[in-house]
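Engineer: Let me give you the structure first, and then I'll get to my questions.
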Amino acid sequence: MTLFAKTLNKCSEVLKMLGALALTAMMLLTVVDVIGRFFKHPIFGSVELVGFLSVIVVAAALPYTYKKDGHVGVEILVRLLPEKAQVLTDIFTRSLSLILFCIITWQMFLYAGDMRETGEVSMNLEFPIYYIIYALAVGILIFSVTILNVIVDDINQLRKLNRK
């Protein structure tokens, strides 16, 4: 395993833990808010905080889930193909995914910059929204790099299959 792959795995693990913490915080915040509402003392801005935390959960979970092949996929027809064709199909679909998520990353960074320039804040807490957008953009950037790493692994697997 290369230094790049090890670093990417470490980033993925750190993001996974961050996502787990955000999910736990989201759960605790919701429980405390519901109990507080029962006693007529809800947590101010809890809906916004849960929304922000859910963005962090998604952004943090994407790279790890992709690396562990945890996303939903339809493989009914692909399984019937020879191994080389399966790898080629994986490379093609992952390349399309990489292009899509690179564009999304680029646009998210542009959007966060626009939000920063306009000074857009959340409705209740008046928290600058661009922080959350930047967090999502970084998560998607690491996700894109993870896709690229898996494509490189697939290309290496294809080379091994060609040598046989």
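Engineer: Out of VAL87, VAL74, VAL31, report the one residue that is modelled with pLDDT of 95 or more and β-branched (Val, Ile, Thr).
Structural biologist: Numbers: VAL87 fails: modelled with pLDDT of 95 or more; VAL74 fails: modelled with pLDDT of 95 or more.
Only one candidate qualifies: VAL31.
Engineer: Determine whether THR93 is more than 30 Å from PRO42 (Cβ to Cβ) and open to solvent by less than 60 Å² (accessible area, probe 1.4 Å). Spell out how you get there, then give the answer.
Structural biologist: Numbers: more than 30 Å from PRO42 (Cβ to Cβ): yes; open to solvent by less than 60 Å² (accessible area, probe 1.4 Å): no.
Against the criterion (more than 30 Å from PRO42 (Cβ to Cβ) and open to solvent by less than 60 Å² (accessible area, probe 1.4 Å)), THR93 does not qualify.
Engineer: Same structure again: Six or more apart or on different chains, Cβ under 9 Å: which pairs go from a residue in segment 60-80 that's open to solvent by less than 100 Å² (accessible area, probe 1.4 Å) to one that's basic (Lys, Arg) and modelled with pLDDT of 80 or more? Could you list them?
Structural biologist: Every condition considered, the pairs that remain are ALA60/LYS16; ALA61/LYS16; PRO63/LYS16; TYR64/LYS16; THR65/LYS16.
Engineer: Does segment 39-59 hold any residues that are of a type in the set (Phe, Trp, Tyr) and free of Cβ contacts under 8 Å to residues at least 40 places away in the same chain, and which are they?
Structural biologist: Of all residues in segment 39-59, those of a type in the set (Phe, Trp, Tyr) come to 39, 44, 52.
The answer is PHE39, and nothing else.
Engineer: Separate question: Please work out if LEU28 is of a type outside the set (D, E, K, R), open to solvent by less than 50 Å² (accessible area, probe 1.4 Å) and either without any contact (Cβ under 8 Å) to a residue 40 or more places away in the chain or assigned to a helix (DSSP H, G or I) (or both). Steps first, answer last, please.
Structural biologist: Values: of a type outside the set (D, E, K, R): yes; open to solvent by less than 50 Å² (accessible area, probe 1.4 Å): no; either without any contact (Cβ under 8 Å) to a residue 40 or more places away in the chain or assigned to a helix (DSSP H, G or I) (or both): yes.
It is false that LEU28 is of a type outside the set (D, E, K, R), open to solvent by less than 50 Å² (accessible area, probe 1.4 Å) and either without any contact (Cβ under 8 Å) to a residue 40 or more places away in the chain or assigned to a helix (DSSP H, G or I) (or both).
Engineer: Out of (1) free of Cβ contacts under 8 Å to residues at least 12 places away in the same chain; (2) open to solvent by 50 Å² or more (accessible area, probe 1.4 Å); (3) touching a helix residue (DSSP H, G or I) at 6+ places or on another chain (Cβ under 8 Å), the odd one out for LYS16 is which?
Structural biologist: (1)
Engineer: Restricting to segment 105-136, name every residue that is crowded, with 16+ Cβ neighbours inside 10 Å and either over 27 Å from CYS11 (Cα atoms) or in contact (Cβ under 8 Å) with a residue 40 or more places away in the chain (or both).
Structural biologist: SER122, ILE132, ALA135, LEU136
The values are calculated or read from the model by the stated rules, or taken from the named source; none is laboratory data. From a predicted model like this one, the values you see are computed outputs, not experimental measurements. Because the Cβ atoms are built from the backbone with ideal geometry, glycine has one as well, and the counts that use them run over all protein chains shown. In case anyone asks, the SASA skips ligands and DNA or RNA and just uses the protein heavy atoms, side chains included. Shrake-Rupley method; radii C 1.70, N 1.55, O 1.52, S 1.80 Å.
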